[in-house]
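Report on one structure; see the data block that follows.
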Amino acid sequence: MSEEKSKGKVPVLEVIDIKRHYTQRKKHLTADGRVLKHAKIHSVDGVSFTLNAGEVLGVIGESGCGKSTLGRLLVRLEAPTSGSILIAGHSAEDLIRKDRLNFRRTTQMIFQNPFDTFDPRFSIEKIFIDTLKLHKIGENNSERRKIVIEKLESVGLIPAESFLDRFPHELSGGQLQRISILRSMMLEPSVVVADEPVSMLDVSIRADIINMLYNTAKEHNTSLVFISHDISTTRYISDRIAVMYLGRIVEMGAADEVATNPQHPYTKALISNCASIDPRSKHNPVKLPGEPPTPVDMPAGCAFAPRCPMAAPECCKTGQELRDFGAGRFIRCMKV
Amino acid sequence: MRLNKTLKIIKENTQLKVGCMMLVILFLAALLAPVIAPHNPNILSDDMVVAPNMKYWLGTDGLGRDILSMILYGARTSLVVGFTAAMIAGIIGTLLGGFAGYFGGRIDGVIGEMINIFMMMPTFFLILIVVALFGSGLFNVMVVIGLTTWVGNAKLMRAQAMSLRQRTFIKSAESIGESRMAILFKHIIPNGIFPIIANTTMGVAGAILTESSLAFLGLGDPNVISWGQIIQNGKSYLVDGWWMCVFAGLAIIFTVITFYLIGDGLNRVLSPKLRNLGKEVRG
């Protein structure tokens, strides 16, 4: 990992302070009884990071912390409210305006639900051929078919011909997710966002799919943004981990560092609640009171302060910056 | 293979089975009208207002035309009007509804208002005005019926598109690089068309009824034989010659029931609960 970083050219992906706010249609009743009209939901609220070629960034956090929205922003399924995303130094907005297909080739997404990733009316062959045709890969359909068969066999979907005529509902989740990864990788993207790619799969095949994703990404030197709420999986696959809370990154650093030596109180609580397979290991989870609030009407100070075991009065007053602690470690807490 | 599955589904659904059989009868009657009609429906004979007998099975009208032959030929008019008008309504409704539901935002706002306006309008009177102004040719009648009855289809398609656009495979198609237009025509419409198919089938019945009503009011195409026209002509003989109105009326009822049965049957077969069955047919 570090040797790739030291090559130190322009990062493949640079995210600068992106925000995505949604306006609520209904009136919002705040905890203290005020009624807000057209309340803003700060789903992603100022996220910045860089990603180098071939690097794997894990994004973890509770449900509703904005990690999936972040993923959708990265592949431009949604436009950010503000902030910018640079791909190899070029603004994603310009890229997509200039050449949409080319942009789509550079960033790809693996979705959570493999059972619904493909049009149920299309056979696997049509799904692949259409994608290849769209991106003008291969001269004619028989050549494209050959490419597809080769790819399918390379990931163990054998015999490939038998898969081509089948429909998505005839395949298992693992097979579909392989096909989904394969289809995305065929476009040779430089960034792939995987939004909880294994959470809907059977536990027995999760490792296979993760390994396949990891290996194909390494093969093409593709950067990976791995969004998950499963800390141990994320630690296993990632070079770096970013922890999100209420639309912001609260801690980011090398995967092992964050997992073994969490600094931010939220990360500490999150990691300590992660089940270990070893029953003898010391295990005393930090209990957090309450639930993560909806990111409407954000408090002035640290967003985590109301639930933080270390919170002091000053935490609620001033906002926290993501501070650089050296060696790629960033923490958003004044107590650290 | 595919045909067998379709037949199986039709057999398993009573409405569809009965409806399809009735539709076959209708089609045969319309197609074979020149062969099976006992008389030329346009020839005025001397046997006027004759009650049903062995020569004129369903009697004759005030001008001596054979009612049975007129009804057989009238089936052609009704089916052509019904299908064309319903198709126009189906296509307009699908396109507008698809655009509104998938693109959302301002497009949805504009189309939504159009839908509201057409829903408020007393459609039949609009048709009356248009036909009175622009003439009552069959073409006019079909187009104007089609142009005024697409609202139901548009609302159905809009709802379908709104729910489909949240599905992963639409997001996946977007992220793979397909244009929004391509997604609308390749994924949204084909996946959301089922309720429109059922609704359009019922629309055929509605269009046939509307055409008959127009003809009954004397606004039908005078150059073609239609059931509504037979009833209009028979109206003045209602006391002495009940058969003129009754048999033409029965033909209308038969046709309307046919399309309602098929529409209802399709609705059941293509409903989400049974969607897999429907998918196999399409697959």
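The values are calculated or read from the model by the stated rules, or taken from the named source; none is laboratory data. Just so it is clear, the model here is predicted, and its values are computed rather than measured. No Cβ is skipped: glycine too gets one built from the backbone with ideal geometry, and neighbour counts run over all protein chains shown. SASA here: full protein model, heavy atoms, side chains in, ligands and nucleic acids out. Shrake-Rupley method; radii C 1.70, N 1.55, O 1.52, S 1.80 Å.
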When the residues of segment B:185-205 are filtered to those that are surrounded by fewer than 21 Cβ atoms within 10 Å (Cβ to Cβ) and away from chain A (no Cβ under 14 Å), which remaining residue is nearest to B:Arg76 (Cα to Cα)? B:Met202
Exclusive hit being over 20 Å from A:Gly66 (Cβ atoms) and open to solvent by less than 70 Å² (accessible area, probe 1.4 Å), set A:Thr233, A:Thr216: A:Thr216
Output the residue which, of all residues in segment A:275-296 that are under 25 Å from the mean Cα position of the chain (by Cα) and either modelled with pLDDT of 65 or more or open to solvent by less than 80 Å² (accessible area, probe 1.4 Å) (or both), is farthest from A:Asp32 (Cα to Cα). A:Ser276
Of B:Leu28, B:Leu23, which residue is without any contact (Cβ under 8 Å) to a residue 40 or more places away in the chain, farther than 15 Å from B:Arg65 by Cα and aliphatic (A, V, I, L, M)? B:Leu28
Flagged in segment A:121-135 as closer than 15 Å to B:Gly177 by Cβ, open to solvent by 20 Å² or more (accessible area, probe 1.4 Å) and either of a type in the set (Phe, Trp, Tyr) or without any contact (Cβ under 8 Å) to a residue 12 or more places away in the chain (or both), in numbering order, are A:Asp130, A:Lys133
Over 15 Å from B:Glu174 (Cβ atoms), crowded, with 19+ Cβ neighbours inside 10 Å and of a type in the set (Phe, Trp, Tyr) - does that describe any residue in segment A:48-62? yes
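Within segment A:20-34, does at least one residue satisfy the condition of being in contact with a Pro (Cβ under 7 Å, 6 or more places away or on another chain) and modelled with pLDDT under 90? Walk me through how you get there before you give the answer.
We begin by selecting, within segment A:20-34, every residue in contact with a Pro (Cβ under 7 Å, 6 or more places away or on another chain); these are A:20.
From what's left, modelled with pLDDT under 90: none.
No, every residue in segment A:20-34 fails to be in contact with a Pro (Cβ under 7 Å, 6 or more places away or on another chain) and modelled with pLDDT under 90.
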Residue by residue through segment A:186-213, note down the ones that are open to solvent by 60 Å² or more (accessible area, probe 1.4 Å) and touching a residue at least 24 places away in the same chain (Cβ under 8 Å). A:Glu188, A:Met200, A:Asp202, A:Arg206, A:Asp208
Output the residues belonging to segment B:212-252 that are more than 22 Å from B:Val50 (Cα to Cα), part of a helix (DSSP H, G or I) and open to solvent by 20 Å² or more (accessible area, probe 1.4 Å). B:Ser213
Of the residues in segment A:220-232, those that are at pLDDT 90 or above and either assigned to a helix (DSSP H, G or I) or among the small types (Gly, Ala, Ser) (or both) come to A:Ser223, A:Ser228
Among the numbered criteria (1) away from chain B (no Cβ under 12 Å); (2) touching a residue at least 40 places away in the same chain (Cβ under 8 Å), which single criterion is violated by A:Ser180? (1)
Go through segment A:75-132 and give me each residue that's of a type in the set (Ser, Thr, Tyr), touching a His at 6+ places or on another chain (Cβ under 6 Å) and within 12 Å of chain B (Cβ to nearest Cβ). none
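Listed here are the residues, each with its yes/no results for (1) open to solvent by less than 20 Å² (accessible area, probe 1.4 Å); (2) of a type in the set (Ser, Thr, Tyr); (3) under 18 Å from the mean Cα position of the chain (by Cα); (4) under 15 Å from B:Ala161 (Cα atoms).
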{"position": "B:Arg65", "(1), (2), (3), (4)": "no, no, no, no"}
{"position": "B:Arg76", "(1), (2), (3), (4)": "no, no, yes, no"}
{"position": "B:Phe83", "(1), (2), (3), (4)": "no, no, yes, no"}
{"position": "B:Gly98", "(1), (2), (3), (4)": "yes, no, no, yes"}
{"position": "B:Gly104", "(1), (2), (3), (4)": "yes, no, no, yes"}
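Yes/no per residue for (1) touching a Gly at 6+ places or on another chain (Cβ under 8 Å); (2) part of a helix (DSSP H, G or I); (3) open to solvent by 70 Å² or more (accessible area, probe 1.4 Å):
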| site | (1), (2), (3) |
| --- | --- |
| B:Leu126 | no, yes, no |
| B:Val130 | no, yes, no |
| B:Leu133 | no, yes, yes |
| B:Ser136 | yes, no, no |
| B:Val141 | yes, yes, no |
| B:Leu147 | no, yes, yes |
| B:Asn153 | yes, yes, no |
| B:Met157 | yes, yes, no |
| B:Ala161 | yes, yes, no |
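Looking at A:Leu213, A:Leu201, which is the one that is more than 20 Å from A:His135 (Cβ to Cβ), part of a loop (DSSP other than H, G, I, E, B) and either at pLDDT 90 or above or within 12 Å of chain B (Cβ to nearest Cβ) (or both)? Talk me through it step by step, then tell me what you get.
Working: A:Leu213 fails: part of a loop (DSSP other than H, G, I, E, B).
Of A:Leu213, A:Leu201, the one residue that is more than 20 Å from A:His135 (Cβ to Cβ), part of a loop (DSSP other than H, G, I, E, B) and either at pLDDT 90 or above or within 12 Å of chain B (Cβ to nearest Cβ) (or both) is A:Leu201.
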What's the number of the only condition in (1) more than 27 Å from A:Asp202 (Cα to Cα); (2) open to solvent by less than 50 Å² (accessible area, probe 1.4 Å); (3) out of contact with any Asp or Glu (no Cβ under 8 Å at 6 or more places or on another chain) that A:Phe118 fails to meet? (1)
Of B:Met70, B:Met114, B:Met48, B:Met87, the only residue that is out of contact with any strand residue (DSSP E or B) (no Cβ under 8 Å at 6 or more places or on another chain) and either under 30 Å from B:Gly241 (Cα atoms) or surrounded by fewer than 13 Cβ atoms within 10 Å (Cβ to Cβ) (or both) is B:Met70
Kindly provide the set of residues from segment A:219-230 that are buried (at least 24 other Cβ atoms within 10 Å of the Cβ) and either farther than 21 Å from A:Thr69 by Cα or touching a Lys or Arg at 6+ places or on another chain (Cβ under 7 Å) (or both), ordered by number. A:Ile227
Answer with yes or no whether B:Ile43 is in contact (Cβ under 8 Å) with a residue 24 or more places away in the chain, out of contact with any helix residue (DSSP H, G or I) (no Cβ under 6 Å at 6 or more places or on another chain) and on the phi < 0 side of the Ramachandran plot. no
Could you tell me which residue of segment A:136-177 is most open to solvent (accessible area, probe 1.4 Å), considering only residues that are within 14 Å of chain B (Cβ to nearest Cβ) and without any contact (Cβ under 8 Å) to a residue 24 or more places away in the chain? A:Lys136
Hey, could you check segment B:168-184 for residues that are within 12 Å of another protein chain (Cβ to nearest Cβ) and either touching a residue at least 60 places away in the same chain (Cβ under 8 Å) or over 19 Å from A:Arg104 (Cα atoms) (or both) and say which is surrounded by the most Cβ atoms within 10 Å (Cβ to Cβ)? B:Ile183
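With within 22 Å of the chain's Cα centre (by Cα) and at positive phi as the only criterion, which of B:Gly218, B:Gly177 stands out? Can you show your working first?
Working: B:Gly177 fails: within 22 Å of the chain's Cα centre (by Cα).
B:Gly218 is the lone residue from the list that is within 22 Å of the chain's Cα centre (by Cα) and at positive phi.
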